[in-house]
Amino acid sequence: MSRRKALISGITGQDGSYLAELLVEKGYEVHGMVRRVALEDPSNRLRRIADIRDRITLHAGSLESFPSLYTVVRRVQPDECYHLAAQSFVSYSFDDAFSTLNTNINGTHYMLAAIHEAAPQCRFYFAGSSEMFGLVEETPQNERTRFHPRSAYGISKVAGFDLTRNYREAYGIHASVGILFNHESERRGFEFVTRKITAGAAAIAAGAKTEVRLGNLEARRDWGYAPEYVEAMWRMLQQDRADDYVVATGETHSVREFAEIAFSLAGLDYREHVAIDPLLYRPAEVDLLIGDPAKARSVLGWTPCTRFEELVRKMVEADLRSAGIAVKSSRA
Ligand code: G4F
């Protein structure tokens with residue numbers, strides 16, 4: 001039997017790299033779509049997939065160009081397509097709403113249209129987000145909770161959700177949406193608050209800096225461990241029927257709690273090193289997110305394993321090691 005083929009957009013990111021590793025391990029022929037600039041700067045932009053680079057095939061493609069996506073889909077003829085690529089930093093979407101909306105909405109539409117025209121049997125995954133819930137209308141949030149996005153990023157994800165559902169209903173594409181709550185790891189980008197805190201605490205412990213500047217410490221998020229979340233993506237595409245699923249831990253914690261634990265694991269008191277910068281507050285904040293993963297648990301058989309404190313520990317220990325600090329005990 002020939003190997004199943006998977007195409008991943010956003011393969012160089014945190015989620016894309018973990019998903020590619022999972023699919024390689026499962027015996028898939030894995031293809032990734034990346035921007036041409038990434039192919040020209042492998043040591044930097046392809047660093048997260050360096051370990052599996054010789055076991056995957058990369059194709060140049062741009063979310064801004066339907067012909068480029070269409071060409072990749074037609075050539076690869078994937079059985080499964082995971083559309084993860086996006087402008088994913090919420091804060092940036094306030095600085096440039098136009099490019100966030102263009103890239104995220106058109107990019108998703110182009111991917112769906114390319115699948116519909118060139119590989120209609122392919123199963124499709126769209127990376128939805130808890131940012132779609134925004135100003136939450138109920139707690140915890142589940143698949144039936146109404147969306148109220150608070151940023152251009154959140155709006156673009158709601159549009160992607162609607163596009164995905166429409167391709168499912170109108171054209172019979174096996175298209176599912178994962179409504180993923182925040183998920184972090186040692187591979188998280190430095191612009192996101194968790195990594196900014198863990199890398200900052202490690203740099204302070206190493207004597208390389210003295211403070212970390214943060215915005216709203218009271219925002220609460222449902223933070224899980226990214227490698228477990230890509231498993232949920234894969235499980236969605238193994239179902240007979242396409243559907244939408246909340247993927248979350250069911251626990252919520254504040255940015256302040258994250259900072260307190262991270263700094264203490266680095267042997268520091270966050271109150272002495274965190275400076276509040278009003279410029280880092282968002283014009284419209286998402287104050288509270290907490291997901292109800294009951295459907296993912298019952299239908300997909302998916303459960304999160306890594307609890308909040310363990311997640312913080314994994315991230316802090318990795319950053320301490322990178323900063324040249326020996327870490328004695330790790331439960332990781
Ligand atoms: O880490 P964040 O930037 O993540 P955010 O905005 O929750 O979005 C992430 O999770 C979503 C899933 O729910 C994804 F869809 C999205 O792509 C992304 O991965 O910010 C978390 C919270 C916010 O409330 C923010 O205001 O932390 C607060 N915060 C406080 N100080 C900060 C900072 N966030 C950042 N990035 N930097 C700060 O200095």
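The values are calculated or read from the model by the stated rules, or taken from the named source; none is laboratory data. Nothing here was measured: the structure is a model prediction, and the numbers come from that model. Cβ: placed from backbone, ideal geometry, glycine included. Neighbour counts: every protein chain shown.
A few comments on the model shown:
- Residue ranges of helices (runs of 4 or more DSSP H) in the stretch 7-89 with at least 1 members touching a strand residue (DSSP E or B) at 6+ places or on another chain (Cβ under 8 Å) and of a type in the set (Val, Ile, Thr): 14-25, 66-76
- Some residue of the stretch 277-286 being in contact with a helix residue (DSSP H, G or I) (Cβ under 6 Å, 6 or more places away or on another chain) and over 29 Å from ALA205 (Cα atoms): yes
- Flag for ARG307 being at pLDDT 95 or above and either under 30 Å from ILE173 (Cα atoms) or more than 13 Å from the ligand (Cβ to nearest atom) (or both): yes
- Residue selected from the stretch 180-213 under the condition within 7 Å of the ligand (Cβ to nearest atom) and assigned to a strand (DSSP E or B), by the criterion surrounded by the most Cβ atoms within 10 Å (Cβ to Cβ): LEU180
- Residues satisfying the stated conditions in the stretch 305-332, i.e. in contact with a helix residue (DSSP H, G or I) (Cβ under 7 Å, 6 or more places away or on another chain), crowded, with 17+ Cβ neighbours inside 10 Å and outside any loop (DSSP other than H, G, I, E, B): VAL312, ARG313, MET315, VAL316, ASP319, LEU320
- Selection within the stretch 64-86 - within 24 Å of MET1 (Cβ to Cβ) and either surrounded by fewer than 16 Cβ atoms within 10 Å (Cβ to Cβ) or free of Cβ contacts under 8 Å to residues at least 60 places away in the same chain (or both): ARG74, ARG75, GLN77
- The C-beta contact set for the stretch 218-231 (first residue part of a loop (DSSP other than H, G, I, E, B), second residue of a type in the set (Val, Ile, Thr) and more than 10 Å from the ligand (Cβ to nearest atom), distance under 6 angstrom, 6+ apart or interchain) comprises ASP222/THR249; ASP222/THR252; ASP222/ILE290.
- Residue that is in contact with an Asp or Glu (Cβ under 8 Å, 6 or more places away or on another chain) and either surrounded by fewer than 21 Cβ atoms within 10 Å (Cβ to Cβ) or at pLDDT 95 or above (or both), where the choices are PHE89, PHE126, PHE147, PHE98: PHE89
- Residue in the stretch 234-251 that is within 16 Å of the ligand (Cβ to nearest atom), part of a helix (DSSP H, G or I) and at negative phi present: no
- Total residues in the stretch 153-178, condition buried (at least 19 other Cβ atoms within 10 Å of the Cβ) and either near the ligand (Cβ under 9 Å from one of its atoms) or in a helix (DSSP H, G or I) (or both): 12
- Residues located in the stretch 165-217, provided they are of a type in the set (A, V, I, L, M) and free of Cβ contacts under 8 Å to residues at least 12 places away in the same chain: ALA170
- Every residue from the stretch 123-132 that is within 16 Å of the ligand (Cβ to nearest atom), touching a helix residue (DSSP H, G or I) at 6+ places or on another chain (Cβ under 8 Å) and not aliphatic (A, V, I, L, M): TYR125, PHE126, GLY128, SER129, GLU131
- Condition check for ASP269: modelled with pLDDT of 95 or more, exposed (fewer than 13 other Cβ atoms within 10 Å of the Cβ) and either over 20 Å from the mean Cα position of the chain (by Cα) or closer than 30 Å to ARG144 by Cα (or both): yes
- Residue match in the stretch 143-152 (condition: touching a residue at least 40 places away in the same chain (Cβ under 8 Å), away from the ligand (no atom under 13 Å from the Cβ) and over 26 Å from GLU21 (Cβ atoms)): yes
- Matching residues, the stretch 22-51, being under 19 Å from GLU186 (Cβ atoms) and either in contact (Cβ under 8 Å) with a residue 40 or more places away in the chain or in contact with a Leu (Cβ under 9 Å, 6 or more places away or on another chain) (or both): LEU22, ARG45, LEU46, ARG48, ILE49
- Taken over the stretch 272-304, the criterion of being surrounded by 12 or more Cβ atoms within 10 Å (Cβ to Cβ) and more than 16 Å from the ligand (Cβ to nearest atom) is satisfied by ALA294, LYS295, ARG297, VAL299, LEU300, TRP302, THR303.
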